[in-house]
Each structure stands twice: as structure tokens, then as C-alpha cells.
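First comes the structure, then the notes that go with it.
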Amino acid sequence: MTEPAEQEQHRYGRAVFLATVAGGLTSLVWGKSVWGRVSSALGPAEALVPLVPSGGWRIYTVSGSMPRFDPATWRLSIGGLVEQPVSLDYEQLRSLPHTEQVSTFHCVTGWTVKDVRWGGVRIADVLAQAHPSPEAHALQFVSMEQPYVDYLTTDQAALKDVMLAYEMDGKPLPREHGAPLRLIIPEMYGYKNVKWLAGINLVPSEQLGYWEQLGYDQDAWVGHSNGY
Amino acid sequence: MDTERTYVRRFSRTERTLHWVNAAGFFVLLGSGLVLYLPSLAIAIGRRPLIKDIHFWAGIGWVTALALVVLLGNRRSLLRTARELDRYDADDRLWLTGGGRAPQGRFNAGQKLNAALTAAFTILFLVSGLLLWLGERDTRFRFASTVVLHDGLMYVSLILLVGHLYLALIHPATRHALRGMTVGTVDAEWAHAHHRKWEPE
């Protein structure tokens, strides 16, 4: 043992502090890509011991309580600029032609969930029940979670992987993911993928949806909107 | 058998206040943050707008309270502590590289490292948290990696916290140190055994 005065002292404390702050701040640039590489490198192991809870999903709601699906009372109403407004119950919805797809879900806040298996129906098959009028150029998606609404143009809604999902990863859509029915448009950020759908209204043009009123982009293309 | 224990002062009132303000803020933020982060809690508790407000204002309150303790407290004792935490000598390096018996000052090298990381994390939690809040209001503050940073800090802090709680509450050799952070003093014999180079006032 040497006396403290005889030992050379190094100011490692502030070096560790400054290096950690600097590393953390620069991670705003490299964090997501490095994390993406780590989690795909761990791919198979992650299936056994998940690194992050619920496969990376976060559950965002805008109101005080999460809507609850009651099969006895739930209806999907198709209205607005249509020849024949219709109201489908859960069984009628499920009797429409079934479709499945695997797509990646991107949230505007930066998280991504890869390869989600959705099952449900194409929007065209649902709209056909109501015969939309030619003056309709946009669709309003109304959530059971009030006051959440959002809009797509009819062209956007006609993209081939846009769907209304009532299944996720082979099971009925869970409550937190929008049970019984949600919109899926993988090309756009999650806030366009309206959960807890209760109605679709055909309208002449788009209005501002819930997040758009708070400054988010109307056309929420992944990687090309909202400041990215 | 020695019945007359003598105690030596390890932490000033300001240092203890800073520690407990930091701890209280951290637990409120951890609890409210987990409700926002974990789907199972988000489902069970809901009320996301309220929890978001609690989390945001707890964060503001946390750093404000820390700043107030520094401003209004005994800054000389804090500065002296900061100096001690900053400086590592050959024994500290030996301690960190596995020479667990190397004599230590008032803080051992692990405590110094934990303090530097905790201070840096406070800055990073604050910056990333403000960016999440601002980013929801203005695209100029929106970065794809902000959530990765904020969540990553939470995971690493949680690991540090579990280690800290184990050493402070459970580990027989170190748990005596807890009274240094509650009443301010520790047993002189314990101090001599664990922090031999420390010369209490």
C-alpha cells in the first residue's frame, strides 16, 4: 500500500461522465441502426428470451380508457358518399374473402416491429358492400377511441397491401392492438393505422386527423415524412 | 467484546438530501415510465394522457429539485465529494481490475464509476425525455433514435439500481454503509476495513 499523496491521480471520473454523455448524445444519430443490427444478429435467441417486452410493440392511446370489443354490439358502419350505407357485424365481416399478409410496422416515434402477420379483409371488398359514389375521393376511418379519426385518399387506400385486420400473428386481434378491427397501411407510420375501427365514411376530400391536427403529416410515408 | 461502537461522519446533510431526492425522482419516473412502456401495464392501467403528464412533470420536478439542493445546500461538501469521485489512483485501478483488496478512500472505485454514470444518465434522460416531448410537437426535434436512447438508459439504470440495492440492503459486507446515507455516519471499524485510505474528520 502506498500513501494516497504518493500515488498519481487521474481524473477518470469526469472522463467517464463526458464520454457517456457524448456517446449518448451521438446515439441520437446511430442508435436505431446499431440496435437494429444487434437485434437481428440475436434473431433466433430473441425468440427464446425476448430482449424487449411484447416483441417491441408499444401501446399508445389518446384517451383515458382503452375501448373494449363486445361482439354483440360492435358494428362496422360504411357510410358517407355511398349508394347503400351498410353496417356489418363481426360475423358478417369475417364471412368476406379472407386475406393474409406479412408486413413491417413503423411508428413515427422510431420503433419498428418486423414481420407482423396480419389476417383480415381488403378494403375494396368491404366498400363494395356499400357501393361508393364517384364523388368520394377520400376515406374517413373512425375509431371507437374518441376523438381518434384519420383519413386516406381513395388512391392510398387502394395500395395493394392496405387491409382491415382482425387477426394478428394467427390469433384474433388483441384488445391493445385495436380489437376487433384495425386499419393496416404498412407504407405509412402507425398513427395512420387506426385501431378499434367502428366506421368508414366516404368523403369528398381528406380532413385533418387526430395527429395531423397536432402537426403530424397528412401523408405519413415511412422514411419520407414527419421530419425524417 | 467491544460494546462501545464509534461512528464517523460519511455524508453531509446536503449529500444525503441529494441522494434521496434523486432516488425519489427516479422511482416515480421508473413507475410512470413503465406504465407508458410496457403493454401489459398500459392495458391494465390505461389513462395514458394522465400518466404522460405525470411522467413529464415528475421529470421536470426531479431535475429542478436536484438543482435546488445543489444551489441551497452545502456546496463545499458537494464540491469536495465531486473532486473525490473524479480522481482515481493506482489502487482504484487495481480495485477495478480485480484486486478487490486494494485500499480505498471514502469512495471505492466502483462507487466512483457508478456516480459518474448516474450523473451522465441524468443529463441523457433529461435531454432524450425533452426531445420526446418536443418531438411530439415539432418535427425539428424528432429523431428516430430518441426512444432507443431513452429506453436503453432505463435498462442500464435498472441494472445499476439492482446492483446498488443489493449492495446497500442485502450483501453482508457492504450493507452497513446504508446508515451512512440515512443518518450520515458509519461504524469506524467498518470504515477502516472497507475504506482504509479514508481519513474521516
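Every number in this text was worked out from the coordinates using simple rules, so none of it is lab data. Because the structure is a prediction, the values reported are computed rather than measured. Heads up, the Cβs are rebuilt from the backbone with ideal geometry, glycines too, and the neighbour counts pull from every protein chain shown.
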Quiz item: When every alpha-carbon pair in region B:55-97 is counted, what percent end up more than 11 Å apart?
Solution: 73
Practice problem: Excluding residues fewer than 8 places away in the same chain, name every one of the aspartates and glutamates whose C-alpha is closer than 15 Å to that of residue B:112. | Solution: B:15, B:84, B:86, B:89, B:91, B:92
Quiz item: Any idea what the relative contact order of region B:7-194 is, in percent, if you count C-alpha pairs under 8 Å spaced at least 6 apart?
Solution: 28
Quiz item: What average count of beta carbons from other chains do you get within 10 Å of the Cβ of residues in B:151-160?
Solution: 2
Quiz item: Where Lys and Arg each count +1 and Asp and Glu each count -1, what net charge lies around residue B:116 among other residues with Cβ under 11 Å from its Cβ?
Solution: +2
Self-check item: chain A - percent relative contact order, Cα under 8 Å, separation 6 or more
Solution: 20
Quiz item: Mind checking which aspartates and glutamates have their C-alpha under 13 Å from residue A:192, skipping anything on the same chain fewer than 8 residues away?
Solution: A:150, A:206, A:212, A:217, A:219
Self-check item: Cβ-based net charge around residue A:108, under 12 Å, with every Lys or Arg adding one and every Asp or Glu removing one
Solution: 0
Quiz prompt | Equivalent-ellipsoid semi-axes of region A:62-197, from the Cα gyration tensor, Å, largest first | solution = 21, 17, 16
Exercise. Translational diffusion coefficient, Stokes-Einstein: compute it for chain B using the Kirkwood radius over C-alpha pairs as Rh, at 20 °C and 1.002 mPa s, and state it as an integer in µm² s⁻¹.
Key: 113
Quiz item: How big is the C-alpha Rg of chain A next to the rule-of-thumb value 2.2 N^0.38 Å, as a ratio?
Solution: 1.34
Quiz prompt | Inter-chain Cβ neighbour average for residues A:63-69, partner chain, 10 Å | solution = 3
Self-check item: Two-decimal log10 I(q)/I(0) for region B:1-111, as the Debye equation yields it once each C-alpha is a single scatterer, q = 0.16, 0.20, 0.22, 0.24 Å⁻¹
Solution: -0.89, -1.01, -1.09, -1.17
Quiz item: Once the dipole of the protein assembly as shown is set up with Lys and Arg at +1 and Asp and Glu at -1 on Cβ about the Cα centre, which of A:109, B:105, B:33 lies farthest towards its positive end?
Solution: B:105
Quiz item: If you plug each phi of region A:100-115 into the Karplus form 6.51 cos²θ - 1.76 cosθ + 1.60 with θ = phi - 60°, what whole-Hz ³J(HN,Hα) values come out, in order, with x for Gly and Pro?
Solution: 9, 8, 10, 9, 9, 10, 10, 9, 5, 7, x, 8, 9, 10, 7, 6
Quiz prompt | Gaussian network model of chain B, Cα within-10 Å springs - most flexible of B:150, B:55, B:171 | solution = B:171
Exercise. With N denoting the number of residues in region B:72-174, provide Rg(C-alpha) divided by 2.2 N^0.38 Å, to two decimal places.
Key: 1.38
Quiz item: Are there any helices in chain B, counted as whole DSSP H runs, that stretch 27 Å or more along their axis by Cα and score at least 1.6 on average by Kyte-Doolittle, and if so which?
Solution: B:146-165
Practice problem: Could you tell me which of A:202, A:165, A:190 has its Cα farthest along the dipole of region A:163-214 towards the positive end, charges placed at Cβ (Lys, Arg +1; Asp, Glu -1), taken about the Cα centre? | Solution: A:165
Practice problem: Apply the Kirkwood formula to the protein assembly as shown: the hydrodynamic radius equals the inverse of the mean of 1/r over all pairs of different alpha-carbon atoms; give it in Å with one decimal. | Solution: 25.2
Exercise. Would you please classify the overall shape of region A:117-228 from the alpha carbon gyration tensor, given that a ≥ b ≥ c denote the square roots of the eigenvalues, rounded means a/c under 1.5, and beyond that prolate means a/b larger than b/c while oblate covers the rest?
Key: rounded
Self-check item: Beta bridges by DSSP in the protein assembly as shown, antiparallel share as percent, to the nearest 5
Solution: 90
Practice problem: Per DSSP H run of at least 4 residues, take -39500 (n - 2.57); add these up for the protein assembly as shown, divide by its residues and hand me the 222 nm value, nearest 500 deg cm²/dmol. | Solution: -13500 deg cm²/dmol
Quiz prompt | Formal net charge of residues neighbouring residue A:179 (Cβ-Cβ distance under 11 Å; K, R +1; D, E -1) | solution = +2
Exercise. Please determine, in degrees from 0 to 90 and to the nearest 10, the orientation of helix A:12-41 with respect to the longest principal axis defined by the Cα atoms of chain A, where the helix direction is its Cα long axis.
Key: 40
Self-check item: For residues of B:120-130, the mean tally of beta carbons on other chains within 10 Å
Solution: 3
